[in-house]
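Taking it in order: structure first as structure tokens, then the write-up.
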Amino acid sequence: MKRISLIICMLCTAQWCMAQQDTSTRDRRLEEVQIGARRSEGVSRLGGAVSGSEIGQGELFRAACCNLGESFVANPSVDVNYNDAAVGARQIKLLGLSGQYVQMLVENLPMALGPASPYLLGYVPGAWMKSISVSKGTASVKQGYQSLTGQINVEYIKPDDDPGIAVNLYGDSRLKAEGNIVANIHLNSHLSTELLAHYEQDFAHHDNDGDRWHDSPALRQLNLQNRWKYTRGNYIMHAGLGFLDESREGGQLLKDIDVPFRALVDNRRMEAYMKHAYILDRLHNTNLAFTATLTRHTLDSHFGNTDHPDSSSYPHCDFKTVMTSLSSQLMLEHDFDDIHSLSAGLSLSADRLDEKSYPTRIFGNEAVDETVPGAYVQYTFKPDYHFTAMLGLRADHSSLFGTFATPRLHLKWMVNDWMTFRGSVGKGYRTTHLFAEHHYLLASGRTLSLSDSPLQEEAWNTGLSGAFTVPVGERNILLNAEFYHTRFLHQAVVDYDSDPTRVSIADLDGTSFASTFQVDASCDITEEFNILAAFRYNYVRSTYGGELMEKPLQSRYKGLLTLSWKPMMSIWQVDLTLQLNGAGRVPTYIDADGTLVASHDFPAYPQLNLQVTREFRHFSLYVGGENLTNYRQPDPVINAANPWSATFDPTLVWGPVHGIMAYAGLRMNIN
């Protein structure tokens with residue numbers, strides 16, 4: 001041992017002497033060293049007791065992701081569909097139900113819905129997003145009582161992230177152009193600011209199916225935000241202002257039509273927010289926070305004969321609404337030790353909705369006000385690494401609906417390193433603004449019938465999921481299986497079936513529920529190649545005209561296969577997504593010739609998307625195609641030739657309204 005130690009010592013001394021001699025005879029200079037971090041990749045499970053996943057920026061870049069609505073193309077849990085072929089209203093679907101039952105948050109602040117509901121997915125540009133968290137079932141009581149089927153929280157790029165300018169340019173074969181800018185400035189070590197800018201415009205009108213109707217409305221949108229972050233010691237402040245102006249032009253193409261039926265919608269949105277937090281005790285994670293957000297949304301819509309509105313032969317309908325929303329919250333969090341932690345808080349929300357319609361007021365009140373003070377407490381018990389229990393309870397008092405309680409329970413049991421189970425049960429509520437949320441139905445020739453007062457929807461949600469890591473050779477397959485059941489006590493039911501000449505929205509009179517089963521598996525086949533396969537089955541029923549029926553215009557099942565290949569040290573990336581959307585039910589309607597078409601099934605259809613990305617040092621180029629199978633719903637507009645008749649209906653949309661679309665884009669970072 002002594003000889004070995006002596007030899008090692010002599011070798012080290014000799015090497016040190018040679019190094020000294022080398023530096024004395026040569027002028028050696030250390031060249032530039034760059035240390036970089038790749039953007040967060042893929043999808044990861046949420047770490048707590050709530051079941052869900054987080055979509056990183058790398059996953060978002062696998063598609064064009066022009067906005068939030070296009071960010072779930074490769075997601076097995078969330079679907080995005082058009083509501084109609086007139087104004088292009090879109091909605092997500094989670095756990096077999098419409099996105100109105102999903103609580104939408106931006107950086108844990110609520111997004112005001114109401115008249116913005118049909119278009120909200122387009123108000124979050126993809127280039128602004130850093131990540132998306134999707135939780136299923138009833139979420140934590142911290143953010144409110146509104147989560148009935150899940151919660152989606154969007155995190156933007158932060159003002160104190162790396163300083164510089166990020167530019168994203170996009171164009172597609174439909175002559176849509178889009179530009180995005182994210183500019184971060186660090187004013188000093190404590191204060192940072194950020195400018196977010198987005199502009200998009202359609203420069204052409206499209207009618208691929210030859211029915212002389214816009215396949216989707218021509219859109220123009222300007223979206224701006226200025227955000228600030230200040231930190232000093234134990235104090236943190238976030239604040240920002242936002243402005244959005246959007247116009248949609250749909251309906252008949254103006255060429256060769258004397259009096260066209262038009263669908264014009266203008267949206268203007270202004271918002272301001274602030275978040276203050278103070279860390280009282282870092283050892284016990286004790287902090288006090290206050291948040292507030294104020295939003296004002298104006299919607300001005302016109303349907304029918306908008307060019308010559310005085311003509312009685314070609315009627316028109318106007319609808320305008322202004323919704324002002326205030327939401328604030330005071331929160332306290334404290335960890336007693338590693339096992340017990342507590343969150344408690346007070347909240348106050350206030351909404352005012354002013355509505356006017358012409359020629360007649362369908363809704364019973366011109367102004368609806370709701371004020372809801374509330375309080376919550378949430379206890380988390382974590383005796384060890386394997387088990388977590390989170391129990392939450394909140395009580396709120398609505399000026400319209402009185403006092404109601406929201407209990408929620410989440411459990412997580414990590415059996416071992418390769419098997420984890422989660423379970424949840426809880427209640428959720430939602431205030432509906434029927435006319436504002438469904439104003440696009442005014443484009444239909446059906447008579448619109450609404451309840452004469454706001455409704456509060458109420459539902460229980462239960463869920464069970466299991467996550468497994470299955471070793472196969474040197475690789476692991478990540479397997480997930482889950483089941484969720486939502487049962488409504490009160491629900492605003494959109495009824496197409498009771499009367500084919502009418503569409504009515506009223507409180508549930510009977511039974512309504514949704515059950516969803518999903519299984520998905522993902523695996524890194526090699527360091528460069530990843531695959532994800534998923535299957536989901538929806539069993540959704542509601543009562544229409546006293547009869548329990550399948551919910552219309554929704555696929556019963558969905559199959560998903562995604563492939564991602566990153567050769568040459570991820571300089572290239574090829575992403576392919578194949579969807580198989582199952583059959584579903586079309587409600588009863590009257591055809592153009594006056595024939596009554598009984599409820600029937602629409603067929604299953606595939607969709608294929610492909611994108612190729614080339615990474616360079618300071619920028620990346622991407623090209624791709626959507627709906628490469630070129631499947632389109634035949635005749636999405638019923639009786640398109642006679643939009644003034646009672647049989648005209650552009651709202652029975654269940655499939656794609658566009659065929660193949662090619663696109664290209666540029667992402668560039670300027671430091």
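Cβ separations smaller than 6 Å between residues 6+ apart or across chains give the following pairs from segment 46-63 residues that are at negative phi to residues that are of a type in the set (D, E, K, R) and surrounded by fewer than 20 Cβ atoms within 10 Å (Cβ to Cβ): Ser53/Arg45; Gly56/Glu41; Gln57/Arg39; Gln57/Lys130; Gly58/Arg39; Gly58/Glu41. Can you spot a residue in segment 159-179 that is touching a residue at least 60 places away in the same chain (Cβ under 8 Å), over 24 Å from Glu626 (Cα atoms) and in contact with an Asp or Glu (Cβ under 9 Å, 6 or more places away or on another chain)? Taking every residue of segment 159-179 in turn, at least one turns out to be touching a residue at least 60 places away in the same chain (Cβ under 8 Å), over 24 Å from Glu626 (Cα atoms) and in contact with an Asp or Glu (Cβ under 9 Å, 6 or more places away or on another chain). Here the condition is being closer than 24 Å to Ile181 by Cα, modelled with pLDDT under 85, of a type in the set (Lys, Arg) and not in a strand (DSSP E or B); of Arg28, Arg39, it holds for Arg39 alone.
No other residue among Asn630, Asn671, Asn639 is polar (S, T, N, Q) and farther than 24 Å from Asp211 by Cα apart from Asn671. One residue is enough: does segment 593-602 have a residue meeting the conditions modelled with pLDDT under 95 and touching a His at 6+ places or on another chain (Cβ under 6 Å)? Scanning segment 593-602 turns up no residue that is modelled with pLDDT under 95 and touching a His at 6+ places or on another chain (Cβ under 6 Å). Summed over segment 131-158, the residues that are in contact with an Asp or Glu (Cβ under 7 Å, 6 or more places away or on another chain) and either acidic (Asp, Glu) or surrounded by fewer than 17 Cβ atoms within 10 Å (Cβ to Cβ) (or both) give a count of 1.
Within segment 147-189, the residues that satisfy the criterion of being within 24 Å of Leu330 (Cα to Cα) and either in contact with a Phe, Trp or Tyr (Cβ under 7 Å, 6 or more places away or on another chain) or part of a strand (DSSP E or B) (or both) are Leu148, Gly150, Gln151, Ile152, Asn153, Val154, Glu155, Tyr156, Pro159. Identify, from the list Thr432, Thr420, the residue that is crowded, with 20+ Cβ neighbours inside 10 Å and of a type in the set (Val, Ile, Thr). Only one candidate passes the filter, namely Thr432. Being among the aliphatic types (A, V, I, L, M) and either crowded, with 18+ Cβ neighbours inside 10 Å or in contact with a Lys or Arg (Cβ under 6 Å, 6 or more places away or on another chain) (or both): is that true of Val265 here? The answer is yes for Val265.
Each residue in segment 368-412 was checked for being in contact (Cβ under 8 Å) with a residue 40 or more places away in the chain and farther than 22 Å from Leu330 by Cα, and 11 of them qualify.
Inside segment 192-221, residues that are free of Cβ contacts under 8 Å to residues at least 60 places away in the same chain, aliphatic (A, V, I, L, M) and either part of a loop (DSSP other than H, G, I, E, B) or over 21 Å from Thr293 (Cα atoms) (or both) make up a count of 2. Of the strands (runs of 3 or more DSSP E) entirely within segment 451-559, those holding at least 3 residues that are in contact (Cβ under 8 Å) with a residue 60 or more places away in the chain occupy 455-472, 475-490, 512-524, 529-544. Annotation note: of Asn287, Asn223, Asn234, the sole residue that is in contact with a helix residue (DSSP H, G or I) (Cβ under 8 Å, 6 or more places away or on another chain) and not aromatic (Phe, Trp, Tyr) is Asn223.
Looking at Gly251, Gly242, Gly171, just one residue is at positive phi and buried (at least 16 other Cβ atoms within 10 Å of the Cβ), and that residue is Gly251.
Taking the conditions exactly as written (in contact with a helix residue (DSSP H, G or I) (Cβ under 9 Å, 6 or more places away or on another chain) and either modelled with pLDDT of 85 or more or hydroxyl-bearing (Ser, Thr, Tyr) (or both)), does Ser98 satisfy them or not? The answer is no for Ser98. Of all residues in segment 54-87, exactly one satisfies the criterion of being closer than 14 Å to Leu576 by Cα, aliphatic (A, V, I, L, M) and outside any loop (DSSP other than H, G, I, E, B), namely Leu60. Taking the numbered list (1) touching a residue at least 12 places away in the same chain (Cβ under 8 Å); (2) out of contact with any Ser or Thr (no Cβ under 7 Å at 6 or more places or on another chain) in turn, Leu353 passes all entries but (2). Hey, can you tell me all the residues within segment 79-105 that are aliphatic (A, V, I, L, M) and surrounded by fewer than 23 Cβ atoms within 10 Å (Cβ to Cβ)? Of everything in segment 79-105, those that are aliphatic (A, V, I, L, M) and surrounded by fewer than 23 Cβ atoms within 10 Å (Cβ to Cβ) turn out to be Val80, Leu105. Scanning segment 356-375 for residues that are among the hydrophobic types (A, V, I, L, M, F, W, C), part of a strand (DSSP E or B), modelled with pLDDT under 95 and surrounded by 14 or more Cβ atoms within 10 Å (Cβ to Cβ) yields a single hit, Val368. For segment 285-306, the count of residues that are of a type outside the set (Gly, Ala, Ser), surrounded by 15 or more Cβ atoms within 10 Å (Cβ to Cβ) and assigned to a loop (DSSP other than H, G, I, E, B) is at least one.
So is Leu580 in contact with a Lys or Arg (Cβ under 8 Å, 6 or more places away or on another chain), of a type in the set (A, V, I, L, M), within 19 Å of Leu532 (Cα to Cα) and in contact (Cβ under 8 Å) with a residue 24 or more places away in the chain or not? For Leu580, the condition - in contact with a Lys or Arg (Cβ under 8 Å, 6 or more places away or on another chain), of a type in the set (A, V, I, L, M), within 19 Å of Leu532 (Cα to Cα) and in contact (Cβ under 8 Å) with a residue 24 or more places away in the chain - is met.
The values are calculated or read from the model by the stated rules, or taken from the named source; none is laboratory data. Treat the numbers as computed from the prediction; the structure is a model and nothing was measured. As a convention, Cβ positions derive from the backbone with ideal geometry for all residues, glycine included, and neighbour counts pool all protein chains shown.
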